[in-house]
1. Towards the positive end of the charge dipole of the chain, with charges on Cβ (+1 Lys, Arg; -1 Asp, Glu), say which of 183, 38, 139 has the farthest Cα.
2. Quick one: if the Förster radius is 30 Å, what FRET efficiency do residue 6 and residue 73 give, using the C-beta to C-beta distance and rounding to 0.05?
3. From the backbone phi of region 52-62, what are the Karplus-calculated ³J(HN,Hα) couplings (6.51 cos²θ - 1.76 cosθ + 1.60, θ = phi - 60°) in whole Hz, Gly and Pro given as x?
4. If R₀ is 30 angstrom, what is the calculated FRET efficiency for the pair residue 196 and residue 260, using the beta carbon separation as r and rounding to 0.05?
5. Along the Cα→Cβ direction, 7 angstrom out, place labels at residue 294 and residue 118. What is the inter-label distance in nm?
6. Output the peptides 189-195, 205-211, 28-34 sorted from most to least packed, where packing is the average of other Cβ atoms within 10 Å over each peptide's residues.
7. Starting from the amide H of residue 79, placed 1.01 Å from N in the peptide plane, find each other amide H under 5 Å away whose residue is 5 or more places distant or on another chain.
8. Kindly state, to the nearest 0.05, the FRET efficiency for residue 216 paired with residue 40, given R0 = 35 Å and r defined as their beta-carbon distance.
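Values in this text are rule-based calculations from the coordinates and carry no lab data. None of these values were measured; they are calculated from a predicted model. Positions of Cβ are generated from backbone atoms using ideal geometry, with glycine treated the same way; all protein chains shown enter the neighbour counts.
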Amino acid sequence: MFILPKKVTIIEVGPRDGLQNEQNYVAEDDKLAFIQALQQAGVQEMELTSFVSPKWVPQMQDAASIVQKAERKGRQIVLAPNAKGAELALAAGASSIAVFVGVSNTFNKKNINRTTEESMDALAPVLAQLKSQGIFIRACISTAFYCPYEGKIDPQAVVALCQQFVAMGAAELSVADTIGMANPQESYTLFTMLKEKLPETLLTAHFHDTRKMALANIYAALQAGVDRFDSSAGGLGGCPFAPGATGNVATEDVVHMLDTLHIETGIDVLQVCQAISRIAPHVSRPIDSGMYRLFSNGQL
């Protein structure tokens, strides 16, 4: 008989992953209001922004200002895909940095024009420097279940990449179902393997809700002993290099499910929905999560 965790940590990725590929440019003040409202809802760990080239991702051109102006509360993570990004993040005062690599070579080539091995080679000195400076390192593992180009991913390849990241200094692994094709059995199997192989590492599950399987996969990961989950308020987000991938699983729906299971998160669903109402007028896609729909209809 499995025992579910009594407490779960939610890593809110809406301000970064949720907005990074948003078609409408969201003003800095609106992003900061969104971040503050999520903090007030009880979020303690959050991806704030991304230090990427404004030429390719104009939405993140205010990254340094966001880091400097956001209230310091809990762990605030920024994405830095390379040495230049890490340098800029450190200069802005970031203390927790995320990097990313896809298990799939084809996905990685489409994303950053490097194979998985080439990406890891390039990241090795960056992570060594960050670790020497006491920076918290979060490694995001893309296409951990399926790839839009290569199909099903070998779980052993995922484990090997995760072990390599830990050896390089990563304190946390965010393991992603990038295109939302995983099923609960696959979720349970992979996360059981990872928990066994890397028992001392912070292990986070990141599910996209493309096929409305994210909550089922989260429940399976809970059974495997995972107690950290990425989610995005309003289900915002997606991946431009993964055809067909829709948004992340919605924070408000995840928290509601955990509430019904009597699993503590420290996050208030109503306040998350209020935070979403601040950002909803500024994004191009409608918010269609179950809990936000109830909130909008006055039923929450």
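1. Ranked along the dipole, the leading option is 139.
2. The pair residue 6/residue 73 has a calculated efficiency of 0.80.
3. The phi angles translate into 10, 5, x, 5, 8, 10, x, 4, 9, 5, 9 Hz.
4. Computed FRET efficiency for residue 196 and residue 260 comes out at 0.55.
5. 4.8
6. 205-211, 189-195, 28-34
7. Those lying under 5 Å, H to H, from residue 79 are 49, 50, 51, 98.
8. Values: r = 30 Å, r/R0 = 0.85.
Once rounded, the FRET efficiency stands at 0.70.
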